[in-house]
Amino acid sequence: MITPCKADLQKAEDVAKSVRIPAQPRIVMEINREVNKPNASFDAIAKLLAIDPAMTARVLKIVNSPFYGLSRKVENIRHALTLLGLKTFQRVVLTAALHDVLIGSDKEHQEELSLFWNYTMVVAKITEYLVVRSPMFVDLVTPEQAHLAGLFHDCAVPLFVRKYPGYQEHMAKVKADNLQVFAYEEDNFSANHWAMGALMARSWFVPESVCQAIRFHHLSKLDSSHVSEMEALEILPLFELLRLGDLLGGNLMNEKGFEVTGCYSSEEEFLANINLDQAELEELKQEVRDAVQL
């Protein structure tokens with residue numbers, strides 16, 4: 001079985017020269033700087049966003065989406081900050097910025113990218129939910145880490161969609177023929193989207209443990225051939241969380257009639273490498289159905 005090694009990052013870096021990984025927008029950096037101040041000011045953050053009306057509109061659209069389940073419509077940034085708090089609002093801004101650079105106004109790939117974005121939001125919601133709900137992850141992963149992992153886990157997919165014509169059809173073939181995603185992408189696209197995603201997440205200052213979880217999340221298990229024992233202790237909870245969120249997210253999307261190309265040949269294979277049995281997985285599926293709105 002072929003598995004990622006140090007060479008996968010080098011290959012991704014080589015391909016990235018022609019793909020051009022989008023940089024983190026300056027507005028995100030400025031808001032992060034303000035949020036991290038001991039005396040962070042809601043007014044200062046609102047003023048920063050007021051400079052960018054398009055970003056303001058995107059943030060409010062996300063805040064008012066079913067994913068946040070607010071009982072009334074939020075009309076302005078100050079109100080959003082009051083309801084969500086600094087940390088959650090910070091994640092919304094990052095989500096809005098990532099949407100703009102990955103999806104933007106790309107009409108040529110609108111259908112593919114809209115599906116990708118819905119799936120991304122579902123996985124981010126599920127991973128954050130699992131941290132709070134599951135004793136497997138409580139005290140090991142923070143909600144911020146969980147959200148970032150879900151949000152960025154497939155962030156290189158839109159880059160591949162634009163660079164390689166018919167990319168989604170290729171991935172459908174991988175699923176139908178039970179092929180290995182890593183090997184297929186290495187053979188056909190010179191790099192795999194996990195490593196590219198890890199590079200992009202790193203360039204957006206996502207914590208290294210999250211970047212590493214993204215890099216390996218399509219594997220069945222993480223072992224000494226991938227990372228050192230010390231690194232595994234930090235990465236493993238995020239790795240397992242992301243794999244579980246990815247599986248549950250794909251299952252939920254498929255149930256709702258959206259065809260999503262997953263990375264697991266079967267649930268049996270997945271369960272063989274995680275501390276869950278079939279009954280516990282079915283229970284989680286039901287909880288996710290109730291907790292996540294499409």
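The values are calculated or read from the model by the stated rules, or taken from the named source; none is laboratory data. Small disclaimer: the values here were computed from a predicted structure and weren't measured. Because the Cβ atoms are built from the backbone with ideal geometry, glycine has one as well, and the counts that use them run over all protein chains shown.
For every residue, the table says whether it meets (1) in contact with a Ser or Thr (Cβ under 8 Å, 6 or more places away or on another chain); (2) surrounded by 15 or more Cβ atoms within 10 Å (Cβ to Cβ); (3) within 18 Å of Leu115 (Cα to Cα).
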residue	(1), (2), (3)
Leu140	no, yes, no
Ala146	yes, yes, no
Ala149	yes, yes, no
Phe152	no, yes, yes
Ala156	no, yes, yes
Leu159	no, yes, yes
Tyr164	no, yes, yes
Met171	yes, yes, yes
Gln180	no, yes, no
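Residue count for region 18-46 satisfying the condition of being in a loop (DSSP other than H, G, I, E, B) and either within 16 Å of Ile77 (Cα to Cα) or of a type in the set (S, T, N, Q) (or both): 5.
Report yes if some residue within region 198-214 is buried (at least 22 other Cβ atoms within 10 Å of the Cβ), of a type outside the set (A, V, I, L, M, F, W, C) and touching a residue at least 60 places away in the same chain (Cβ under 8 Å); otherwise report no. Among the residues of region 198-214, not one is buried (at least 22 other Cβ atoms within 10 Å of the Cβ), of a type outside the set (A, V, I, L, M, F, W, C) and touching a residue at least 60 places away in the same chain (Cβ under 8 Å), which makes the answer no. For region 208-223, the tally of residues that are closer than 17 Å to Phe270 by Cα, under 16 Å from the mean Cα position of the chain (by Cα) and not hydrophobic (A, V, I, L, M, F, W, C) stands at 2.
Of everything in region 47-56 that is in a helix (DSSP H, G or I) and not polar (S, T, N, Q), the residue that is surrounded by the most Cβ atoms within 10 Å (Cβ to Cβ) is Leu49. Screening Gly104 on (1) in contact with a helix residue (DSSP H, G or I) (Cβ under 8 Å, 6 or more places away or on another chain); (2) under 22 Å from His193 (Cβ atoms); (3) outside any helix (DSSP H, G or I); (4) not aromatic (Phe, Trp, Tyr) shows it passes everything except condition (1).
One residue stands out in region 57-100 among those that are buried (at least 16 other Cβ atoms within 10 Å of the Cβ) and among the basic types (Lys, Arg): the one that is nearest to Phe205 (Cα to Cα), namely Arg91. Look at (1) part of a helix (DSSP H, G or I); (2) under 22 Å from Ala124 (Cα atoms) and you find that Lys221 fails only one, number (1).
Assess whether Met171 counts as being farther than 18 Å from Ile235 by Cα, at pLDDT below 85 and in a helix (DSSP H, G or I). Against the criterion (farther than 18 Å from Ile235 by Cα, at pLDDT below 85 and in a helix (DSSP H, G or I)), Met171 qualifies.
Scanning region 224-250 for residues that are touching a helix residue (DSSP H, G or I) at 6+ places or on another chain (Cβ under 8 Å) and among the charged types (D, E, K, R), we see that the one that is nearest to Leu151 (Cα to Cα) is Asp246.
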